[in-house]
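The values are calculated or read from the model by the stated rules, or taken from the named source; none is laboratory data. Because the structure is a prediction, the values reported are computed rather than measured. Here the Cβ positions follow ideal geometry from the backbone for every residue, glycine too, while neighbour counts run over all protein chains shown.
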Amino acid sequence: KPLVAIVGRPNVGKSTLFNRLIRRRAALVEDVPGVTRDRHYADASWGDRTFTVIDTGGFVPGDQDVLLKEVREQAQLAVEECDVILFVTDGRAGLTAADEAVGALLRKSGKPVLVVANKLDSPIGTVQALSAEFFRLGLGEVFPLSAEHGLGIENLAGTLLDKLPAKKEGEDSEERPDDGSIRIAIIGRPNVGKSTLVNALLKEKRLVASEVPGTTRDPIDSTLTYKDKKVVLTDTAGIRRKRSIAHRVEKYSVMAALRVMDRSDVAVLLMDATEPAVDQDAKLAALAEEKGRALVIVVNKWDLIGTDQRRQEAYREALKYSLKFVGYAPIVFTSALTGSKVEKVVDIAVELAEQFRYRAPTPQLNRLLDHMVDNNPAPIVHSKPLRLYYIAQVGTAPPTFALTCNVPQGVPEMYKRYITNQIRKTFDLRVPLRLLFKERPGK
Ligand code: GDP
């Protein structure tokens, strides 16, 4: 999916515009329990296109006292990583020095930029007068907007659609096209060892790197063969190597992950064993869960911790606790530096990729449904006991199951978790699962 960045100085209304743009999908996105719900990226659908919107301002903590430097950095990041940039300014306050600095940077980038003059809640005539001075930025048309009231949003979105790169085949489909290769994205904060891991894997003799036409076009992709399977590794650190500033910027790791997640089967999330899991690690894990990608958690630099088995178990327990919402994800302890356990990462990723496309046999699913109905008292929903009638697998990548029942709108979270866990246990699936609830046809 194309990436659209919202940039601008603090308080111009970036997050209000963000919420306006994603409005159609926002209600459908399920919350991932255990992660702060300050979303700074989400998919939006307008017309016949779906794209990911990133509120870059939202990545900056303490939005109020952001320095000019940070706004520029944020804009630079957007230029490097995104397809279209929405440059938001305060239409009432007029152009500021910060706006001009960011404007100059964006102008040089050659990327499509739409200048938005926000907070113009008044009728059209005054709006045009107010936004006129923004033409001075030299970025072309200026879009008057009241993000608060939704005025001008249709016009802005219409132009935005025109600026998106041409639609790629299969870009909207939820399932990744199955060309037989397994795509693994290596994600993680800066300096956790992503590049070192990829290099270590490429040196493993059994993982003979092969040139497969059509799979290595992207310079950040490396292809290898594992047990006769074609595996494509995407190193999100590799993107930054050729670029300027991003290596210092933590939020870059989320943007880079967003960029590759849609075309991956498995996300390998690297963490640094010498540091406790931090918010940024949780955000990346949550991203994998939200995007419905299989996830391997890799605790790297284990050589710095030692060989004590109990420490590993303690670390595992702590991690399971802080990343509860991806409790299904296997955890591997590696040293990319010495090569210890690096092959195991690929081994598990390949196995998860298979689970990701697993199709459960229908008779077994039906037996499972009977078992669930018999063994767990049905919760009461809208003063009726929940009745489950049928179950069917309706999709893969990730495995998606539809349950027909009497009250599809009100199934309690607890019961959903119970069903998910039962499916997980029955078919030994350590990948994210999706459940849909439907009413009986003809009812
Ligand atoms: P990236 O930003 O995630 O790609 O991280 P790099 O691969 O550039 O690694 C950052 C630093 O950590 C480098 O100095 C590596 O040598 C070091 N490093 C990476 N993996 C390990 C490891 O397993 N053990 C130790 N001790 N150092 C590592």
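Take the range 312-345 and flag every residue that is more than 16 Å from VAL278 (Cα to Cα), more than 16 Å from the ligand (Cβ to nearest atom) and touching a strand residue (DSSP E or B) at 6+ places or on another chain (Cβ under 7 Å).
ALA329, PRO330
Every residue, every condition in (1) at pLDDT 90 or above; (2) surrounded by fewer than 20 Cβ atoms within 10 Å (Cβ to Cβ); (3) not hydrophobic (A, V, I, L, M, F, W, C), yes or no:
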position	(1), (2), (3)
SER15	no, yes, yes
GLU30	no, yes, yes
GLY34	no, yes, yes
ASP48	no, yes, yes
GLY62	no, yes, yes
ALA78	no, no, no
LEU86	yes, no, no
ARG92	no, yes, yes
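Could you tell me which residue of the range 415-443 is surrounded by the fewest Cβ atoms within 10 Å (Cβ to Cβ), considering only residues that are without any contact (Cβ under 8 Å) to a residue 60 or more places away in the chain and farther than 21 Å from ARG367 by Cα?
The extreme case among them is GLY442.
Can you pull out the helices (runs of 4 or more DSSP H) entirely within the range 245-344 that have at least 1 residues that are closer than 25 Å to GLU204 by Cα, over 24 Å from the mean Cα position of the chain (by Cα) and free of Cβ contacts under 8 Å to residues at least 24 places away in the same chain?
In the range 245-344, 309-322 are the helices (runs of 4 or more DSSP H) which contain 1 or more residues that are closer than 25 Å to GLU204 by Cα, over 24 Å from the mean Cα position of the chain (by Cα) and free of Cβ contacts under 8 Å to residues at least 24 places away in the same chain.
Checking the condition within 16 Å of the ligand (Cβ to nearest atom) and either at pLDDT below 70 or more than 29 Å from LYS320 (Cα to Cα) (or both), which residue from VAL249, VAL198 passes?
Sole residue among the options that is within 16 Å of the ligand (Cβ to nearest atom) and either at pLDDT below 70 or more than 29 Å from LYS320 (Cα to Cα) (or both): VAL249.
Kindly check whether there is at least one residue in the range 386-394 that is in contact (Cβ under 8 Å) with a residue 60 or more places away in the chain and either in a helix (DSSP H, G or I) or exposed (fewer than 14 other Cβ atoms within 10 Å of the Cβ) (or both). Even if it seems obvious, please write down each step before you answer.
Here is the first cut: in the range 386-394, the ones in contact (Cβ under 8 Å) with a residue 60 or more places away in the chain are none.
No.
The conditions are (1) within 16 Å of the ligand (Cβ to nearest atom); (2) hydroxyl-bearing (Ser, Thr, Tyr); (3) modelled with pLDDT under 80, and SER222 fails exactly one of them. Which is it?
Condition not satisfied by SER222: (3).
State whether one or more residues within the range 354-370 are in contact with a helix residue (DSSP H, G or I) (Cβ under 8 Å, 6 or more places away or on another chain), closer than 30 Å to GLU204 by Cβ and assigned to a strand (DSSP E or B).
no
How many residues does the range 183-195 contain that are more than 6 Å from the ligand (Cβ to nearest atom) and part of a strand (DSSP E or B)? Before you say what the answer is, go through the steps one by one.
To start, the set of residues in the range 183-195 that are more than 6 Å from the ligand (Cβ to nearest atom) comprises 183-187, 189.
Narrowing further to those that are part of a strand (DSSP E or B): 183-187.
Residues meeting the conditions: 5.
Taking LEU365, is it over 26 Å from LEU287 (Cα atoms) and modelled with pLDDT of 95 or more? Walk me through it before giving the result.
Details: over 26 Å from LEU287 (Cα atoms): yes; modelled with pLDDT of 95 or more: yes.
Yes; evaluated as a whole, the condition is true for this residue.
When the range 292-327 is examined, which residues are found to be surrounded by fewer than 18 Cβ atoms within 10 Å (Cβ to Cβ) and closer than 21 Å to GLU351 by Cβ?
Answer for the range 292-327, where residues must be surrounded by fewer than 18 Cβ atoms within 10 Å (Cβ to Cβ) and closer than 21 Å to GLU351 by Cβ: GLN312, ARG316, LYS320, GLY327.
Has the range 355-364 got at least one residue that is of a type in the set (D, E, K, R) and within 16 Å of the ligand (Cβ to nearest atom)?
no
Okay, residues lined up against (1) within 25 Å of TYR41 (Cβ to Cβ); (2) at pLDDT below 85; (3) buried (at least 16 other Cβ atoms within 10 Å of the Cβ):
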position: GLY193; (1), (2), (3): yes, no, yes
position: LYS203; (1), (2), (3): no, yes, no
position: GLY214; (1), (2), (3): no, yes, no
position: VAL231; (1), (2), (3): no, no, yes
position: THR236; (1), (2), (3): yes, yes, yes
position: ARG241; (1), (2), (3): yes, yes, no
position: MET255; (1), (2), (3): yes, yes, yes
